[in-house]
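S.K.: I'd like to ask some things about the structure below.
A short reminder: the numbers here are calculations on the coordinates, not readings from a lab. On a predicted model such as this, the values are computed, not experimentally measured, just so you know.
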Amino acid sequence: MKNLNIQKMVFTIALIAVPLMSFADGFPFVKLTSKENKMITLRVGSAHSDMTSIKIKNQFGEVIYSETVENVNGILKNFDLKHLESGSYKIELENALNIEVLPITITWDSVMVAHDQFTTLHKPFIKLRANGTVDFNFLNLNANLTSVIISNEKGNVIYKENLGNNSDIEKRYDISSLEKGNYQFIVQNGDRNFKHSIAL
């Protein structure tokens, strides 16, 4: 950034190794089954009352279906996809820690589930400590280029760092000298943005 040298004087970025948190391996159990008449059944194991977002996206990444459900005793849902055009789609399950991506292909008479292409995306772990430092841990198993942006409550970017495409990223940011207020950490990873708000 043009003003990076000035902004680095505002707060120090301490590149201290921090222990990588114990990330979950994803949802406890996910099964997607194709049935007749372009129907599919989604089964998700219980996640201790975790709220789960279910989305269906088309090949352009547009959300064409979305709902949030409470996963107390597991999730069982049937989807009738007869109204969708032929093409590639993705079903995404998201909870507090992970995103499960389940690709499917719709043809004129059936739905094919690409079980071998199911992937789990781990969301960044960001925690503000009492001393004004922020621990940042991220499992970047897809090796996407990753960057961190910190902005203030006015939306002004006060810090940006490119983190490369390492598979596991561990940082500690010292923001204790910043003015009191609300800040947002934006983690850009491939074509996804993860946002986390912090109040000093």
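S.K.: Expected output is a single nm value to one decimal: the length gained when fully extending between Lys180 and Ala143, i.e. 0.36 nm times separation in residues minus the C-alpha distance. What is it? Could the numbers behind the result be given before it?
M.R.: Values: separation 37, 0.36 × 37 = 13.32 nm, distance 3.48 nm.
Using 0.36 nm per residue and subtracting the Cα-Cα distance, I get 9.8 nm.
S.K.: Need one number: the % of Cα-Cα pairs in segment 153-200 sitting beyond the 12 Å mark.
M.R.: Numbers: 811 of 1128 pairs.
For segment 153-200, the fraction of Cα-Cα distances above 12 Å is 72 percent.
S.K.: Same structure, new question: State the Kirkwood hydrodynamic radius of segment 30-121 in Å, one decimal place, computed from all pairs of distinct Cα atoms. Please list the in-between numbers first.
M.R.: Working: mean 1/r = 0.0747 Å⁻¹.
Result for segment 30-121 stands at 13.4 Å.
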